Amino acid sequence: MDFLPFEIYSAPFPKDKYGHIWEIPNYLTEQELENMQGDNRLNTPVPPDCYPNLAWNMNWQSSKSQYILRYASDIFQWHLDNNDIDASYGFHYDEENSLVPCEFILNERVQASPKGMRLYPPHTDGGKLLTCLVPLRPVKSVPTHFYGKDNPNSKEFPNPTVHVPWKINHGYMFCANRPYSWHGYEGDKYNDRWILNMNLFSPVEGGRKKPFNISNPGGWSRIMSSNKTTIYKDYIKSLVKGSDPDRFN
């Protein structure tokens, strides 16, 4: 995807087993990372009974996330044009594999899982179009597990679990799809696990792209165990200028 104005490259996993997973080094600029690491909320101990995440929505958007939003249609069309793996993506496209134009919504938040948290089950990020994950703290921790293509006849995944090594500010990105984007994570043994999580959504009625549950931007929230993402209704409405308020009800 050389049309993107930043460094991005494919993770070294077989596409026919794990789909398209992308690595993005230095996701945050030096100033953005400094601002993030200087936020005292990252020093807040995560309650041990929190499962799976304590989260707060950012009141600013990182530059690469803004680029991804700006180039979202190109990113999604690239995946359709290179869909020799026969993935079924969450964004709308027609029978000729052409992207159906629609608006996209960016949601960016910081998430923390408590140390010792049990494994969060495999999920595909259904309801989202695109996911970026960026490690923030600690220096060494447990990376996200990628399980790859599922087996419709078994509860077991047929391929070995793979990981993009945990490295602060080294992001990874994928478009939610079936049957490849199965992933999960668990708590670090010694420290709370902090990441930046960016998602793109589309508020298209009648599809699985519609945002779900919402609350106060910039504040804390408890993300409970669910395959649905908890995001903020008033925040999303504010991003869609001139939208009908009832479209999110």
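The values are calculated or read from the model by the stated rules, or taken from the named source; none is laboratory data. All values derive from a computational prediction rather than experimental measurement. With ideal geometry, Cβ positions are generated from the backbone for all residues, glycine too; neighbour counts draw on all protein chains shown.
Before moving on, here are some points about what is shown:
- Within region 133-143, being in contact with a strand residue (DSSP E or B) (Cβ under 9 Å, 6 or more places away or on another chain) and under 26 Å from GLN31 (Cβ atoms) holds for LEU133, VAL134, PRO135, LEU136, ARG137, PRO138, SER141, PRO143.
- Taken over region 76-117, the residue count meeting the criterion of being basic (Lys, Arg), assigned to a loop (DSSP other than H, G, I, E, B) and crowded, with 19+ Cβ neighbours inside 10 Å is 0.
- Answer residue from region 1-36, given it is at pLDDT below 95 and within 25 Å of HIS145 (Cβ to Cβ) and is surrounded by the most Cβ atoms within 10 Å (Cβ to Cβ) among those: MET36
- Annotation note: Cβ proximity below 7 Å between a residue of region 157-179 that is under 22 Å from VAL139 (Cβ atoms) and of a type in the set (Gly, Ala, Ser) and a residue that is modelled with pLDDT of 95 or more and part of a strand (DSSP E or B) (sequence gap 6+ or interchain) occurs for GLY171/ILE24; GLY171/CYS132; GLY171/LEU133; GLY171/VAL134.
- Of all residues in region 56-81, those that are without any contact (Cβ under 8 Å) to a residue 60 or more places away in the chain have Cβ atoms under 8 Å from Cβ atoms of residues that are surrounded by fewer than 14 Cβ atoms within 10 Å (Cβ to Cβ) and not in a helix (DSSP H, G or I), 6 or more apart or on another chain, in SER63/THR29; SER73/PRO101; GLN77/SER98; LEU80/ASN97; LEU80/SER98; ASP81/ASN97.
- Checked against (1) more than 16 Å from the chain's Cα centre (by Cα); (2) modelled with pLDDT of 95 or more; (3) over 30 Å from LEU42 (Cα atoms), GLU103 meets all criteria but (2).
- Subset of region 68-91 that is of a type in the set (Phe, Trp, Tyr) and under 18 Å from the mean Cα position of the chain (by Cα) - its residue that is modelled with the lowest pLDDT: PHE91
- Checking each residue in region 1-23 for being part of a loop (DSSP other than H, G, I, E, B), touching a residue at least 60 places away in the same chain (Cβ under 8 Å) and within 19 Å of GLN66 (Cβ to Cβ) picks out MET1, PHE3, LEU4, PRO5, PHE6, ILE8.
- Residue ID - modelled with the highest pLDDT, chosen from residues in region 192-209 that are in a loop (DSSP other than H, G, I, E, B) and surrounded by 15 or more Cβ atoms within 10 Å (Cβ to Cβ): ASP192
- Just one of the listed residues (LYS149, LYS189) is loosely packed, with under 15 Cβ neighbours inside 10 Å and not in a strand (DSSP E or B), namely LYS189.
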